[in-house]
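Here, each number is a calculation from the coordinates, and none is a lab measurement. As the structure is a prediction and not an experimental result, all values here were calculated from the model. Note that each Cβ is placed from the backbone with ideal geometry, even for glycine, and that neighbours are counted across all protein chains shown.
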Amino acid sequence: MLGVEESVLEREALLQYILSELRRVKLESKLIMTRYGVSSVEELDEKVRKGELKETDVFEDLTRLDYLLDREEKLKKLLEELRGSKG
């Protein structure tokens, strides 16, 4: 009906979903890091080690940030795979 193969539409939909999810994950990560004035999970961990922040106060955000960064890497790999298999 649209003049585009179904497989092409499915691939494009998947690509757009991954890109959207990647943007969401990056934004949430950035919000958490901004909240504590850091630019990485390592920096946040360092602030906890130095006693600048209490682990009990940042535990949920630290855990969430670790999850988000792992998810970001997985999404990037999926994106590479999807873009690499255009043939």
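Structural remarks
- Here the stretch 8-35 is the region considered, the condition is being of a type in the set (A, V, I, L, M, F, W, C) and surrounded by 14 or more Cβ atoms within 10 Å (Cβ to Cβ), and the residue that is nearest to the chain's Cα centre (by Cα) is 25.
- The stretch 36-87 - residue that is part of a loop (DSSP other than H, G, I, E, B) and small (Gly, Ala, Ser) and, of those, surrounded by the fewest Cβ atoms within 10 Å (Cβ to Cβ): 87
- Among residues of the stretch 16-38, those that are over 17 Å from residue 71 (Cβ atoms) and touching a Lys or Arg at 6+ places or on another chain (Cβ under 9 Å), counted: 3
- Hey, residue 50 out of contact with any helix residue (DSSP H, G or I) (no Cβ under 8 Å at 6 or more places or on another chain) and under 30 Å from residue 15 (Cβ atoms) or not: no
- Within the stretch 1-35, the residues that satisfy the criterion of being over 25 Å from residue 78 (Cα atoms) and either in contact (Cβ under 8 Å) with a residue 24 or more places away in the chain or in a helix (DSSP H, G or I) (or both) are 34, 35.
- Any hit, the stretch 66-76, residues being of a type in the set (Phe, Trp, Tyr), within 29 Å of residue 10 (Cβ to Cβ) and without any contact (Cβ under 8 Å) to a residue 60 or more places away in the chain: yes
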